[in-house]
Amino acid sequence: MLENTASSPKYDVFIVHSSEDAAKARIFNQALNDMGLVAFDNINEGPAFVIGRPVFDNIIHAVKHSKLVLILITKHAISSHWVTLETLVALEKSDRENVLCVRLVFEGVSEMERQNFKRGILTSIPDIIVDFNKDKWKDEFVAIIKENIPVQKLLPAGNVAHGLVFNYFIGYLAYVLPAMSKTVEKIEYFTPDKFSKKFFVVMPESCEVKPLEGKYKNFLIEKMEGSLEMDVTHGDKQRKYTLTVYKITKENEFYYFCADCPFIIATMLKMKEMGFADIDVHFQGVRFYMTLKELVEHRSNPDYKDTTNFIMFDGSAQSSSPALEIWQSLKKEFSTNEDHETTVVTRNGVAVESYPSLTVSVINSTDGDIVAEEVIQFLTMHGMNFTSGGAAKKSSDTDDICIRWKIFILTDTSTKDKVMELEFNAALSESISKNQIQVIPILVKGVDIETIPYGFKWTTVLKQEDPLYLEKMWKTLHEDRHMEELQHAGSLFEGLAYSYMLNYMSFNLVGKTGDGRDFTERFVDAVKKYKVNCKIVPKVYVIVPSSCEFPPPGTQFEKEEHLGPVEPIVQGFRKYFLQLYVLTISRPGKWKDVVS
């Protein structure tokens with residue numbers, strides 16, 4: 001077995017591969033077995049990814065319980081978002097355990113493609129080019145697997161989004177979300193059937209923060225003059241939060257909503273501008289979205305349940321807009337009936353006696369009827385009876401039934417149905433909040449998983465083309481599996497440090513005023529303004545208490561005098577201040593130092 005300081009991992013190697021490369025992964029899996037190593041086997045039967053659990057959680061589980069992560073890079077995998085994400089998660093594991101537990105294996109790619117992939121942080125990871133036609137490829141493969149490599153000083157890009165999420169949540173959403181529902185009815189635009197009580201967090205995957213207002217196809221989003229103001233206790237004092245109100249119109253129909261596009265995600269773009277390779281920031285936007293969504297909807301945060309709509313869109317194109325996603329969310333919120341076929345199956349009999357009130361809902365569009373019927377017949381043969389003896393029922397007829405499992409039939413039509421996508425996301429959110437897997441997506445044969453929307457990709461799917469897919473579905477229905485917990489806070493400091501440096505300190509240190517004065521000139525001007533006659537130290541002192549506890553506002557320390565702010569740097573509507581202090585030092589001559 002591989003040597004590792006990690007606490008009792010179950011597997012030696014987790015093979016990360018594109019779904020198109022299952023056959024090649026089996027070859028490497030056999031090579032590992034020949035070496036006496038145990039692989040986390042997501043290729044054949046065995047400890048595969050848990051169906052219905054978010055893919056991100058399954059990845060965390062597999063990486064956490066494996067000593068080494070083997071990234072198989074082929075023509076298919078080289079552009080896979082999931083392979084990129086799994087690489088980042090494995091690098092975080094390396095950082096925590098101080099052992100480089102990632103290896104790259106290239107097969108069937110050109111040298112130019114390999115070089116293009118191995119940029120930024122990935123240059124530090126050992127790699128091997130495998131040619132199955134060579135007799136000694138297994139020997140070379142074994143050598144790189146068994147090599148024990150201590151962690152070098154890796155750039156911790158994998159933790160940036162995680163840290164930024166907690167920064168945004170603790171500093172903003174934690175106060176805004178509980179307060180909004182209590183104050184929204186006070187705004188002049190409010191009517192119960194037109195103004196959403198949910199806060200919209202809108203996130204472009206590209207991390208390019210743009211104004212929401214504008215015209216997009218049939219939609220018009222306007223920023224209203226009036227805003228929603230709330231007085232909230234923040235720490236030991238009252239703070240005023242102002243939420244922007246928008247109006248979205250389609251033809252003669254309209255709704256109002258409050259929204260924010262987290263400015264903090266622009267940190268990732270700044271990292272790119274500072275020379276970070278694309279591979280290091282490629283998945284940060286999506287990761288920010290998923291981590292924030294799980295944090296807000298986590299069962300330990302009951303005060304935030306049903307308070308937020310999370311909207312993600314591409315954001316890279318100049319004309320891209322979240323208007324359609326926002327509209328569909330609002331339509332879902334204010335509608336009472338949705339025209340969707342839902343089959344409700346009750347689990348009765350000896351086989352399910354531990355779940356006497358359990359129900360299953362099969363949700364499909366017309367082009368999924370054949371697969372839905374196949375699922376229903378299978379369930380019927382295994383002793384599950386339809387309520388009221390009928391197969392198909394409208395969802396409005398099932399509102400009073402507590403549905404334990406929801407089976408979504410994913411076809412080309414259903415995955416483009418925004419209402420169905422919202423229903424899927426709602427079911428997934430409920431799974432997360434209850435810490436209980438209750439979603440089973442089934443991908444119909446012939447549908448390319450890469451073409452389906454983001455929401456459906458976040459769970460591990462069953463594929464109809466798998467001859468055992470019905471048996472796997474049945475096995476999942478009999479399990480009481482939990483979601484994989486969020487990663488611990490871990491290296492939050494890295495994301496917070498990047499945010500502090502790029503979104504605050506960089507403006508104060510290298511920014512200039514409108515008339516071109518830099519930090520030193522602003523500092524000297526402030527000294528003259530406050531009529532200080534002593535030795536000056538034109539530096540910024542960053543004070544970090546090891547306990548992370550800060551004294552209450554207004555606290556004065558011995559030998560310290562607060563003079564006031566240095567002239568701020570103005571960027572758009574934001575001002576970046578530094579504060580000037582006098583520090584009296586006991587030494588001959590009674591010197592005073594002025595520091596900022």
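The values are calculated or read from the model by the stated rules, or taken from the named source; none is laboratory data. The structure presented is a predicted model; accordingly, all values stated were derived computationally and were not measured. Heads up, the Cβs are rebuilt from the backbone with ideal geometry, glycines too, and the neighbour counts pull from every protein chain shown. Protein only, heavy atoms only, side chains kept; ligands, DNA and RNA dropped before computing areas. Shrake-Rupley method; radii C 1.70, N 1.55, O 1.52, S 1.80 Å.
Listing for the model above:
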{"quantity": "Residue that is farthest from ARG103 (Cα to Cα) [pool: residues in the range 145-164 that are open to solvent by less than 10 Å² (accessible area, probe 1.4 Å) and modelled with pLDDT of 60 or more]", "calculated": "LEU164"}
{"quantity": "In the range 317-336, residue most open to solvent (accessible area, probe 1.4 Å) [restricted to those that are of a type in the set (A, V, I, L, M, F, W, C) and more than 12 Å from LYS198 (Cα to Cα)]", "calculated": "LEU324"}
{"quantity": "Filter result for THR242 (in contact with a strand residue (DSSP E or B) (Cβ under 6 Å, 6 or more places away or on another chain) and surrounded by fewer than 17 Cβ atoms within 10 Å (Cβ to Cβ))", "calculated": "yes"}
{"quantity": "Enumeration of residues in the range 352-374 that are surrounded by 14 or more Cβ atoms within 10 Å (Cβ to Cβ) and modelled with pLDDT under 55", "calculated": "VAL352, TYR355, LEU358"}
{"quantity": "Count - residues of the range 229-260 that are closer than 19 Å to ILE326 by Cβ and free of Cβ contacts under 8 Å to residues at least 60 places away in the same chain", "calculated": "8"}
{"quantity": "Residues satisfying the stated conditions in the range 560-580, i.e. out of contact with any Phe, Trp or Tyr (no Cβ under 9 Å at 6 or more places or on another chain) and modelled with pLDDT under 75", "calculated": "GLY572, PHE573"}
{"quantity": "Residue within the range 535-543 that is at pLDDT below 80 and of a type outside the set (Val, Ile, Thr) present", "calculated": "yes"}
{"quantity": "Selected residue (criterion: nearest to LEU580 (Cα to Cα)) from residues of the range 509-540 that are open to solvent by 70 Å² or more (accessible area, probe 1.4 Å) and either among the small types (Gly, Ala, Ser) or outside any helix (DSSP H, G or I) (or both)", "calculated": "LYS539"}
{"quantity": "Residue check for HIS382: open to solvent by less than 40 Å² (accessible area, probe 1.4 Å) and at pLDDT 60 or above", "calculated": "no"}
{"quantity": "Every residue from the range 175-228 that is in contact (Cβ under 8 Å) with a residue 60 or more places away in the chain, exposed (fewer than 15 other Cβ atoms within 10 Å of the Cβ) and among the basic types (Lys, Arg)", "calculated": "LYS217"}
{"quantity": "Counted residues, the range 229-258 - those being within 17 Å of THR183 (Cβ to Cβ) and either modelled with pLDDT under 90 or β-branched (Val, Ile, Thr) (or both)", "calculated": "13"}
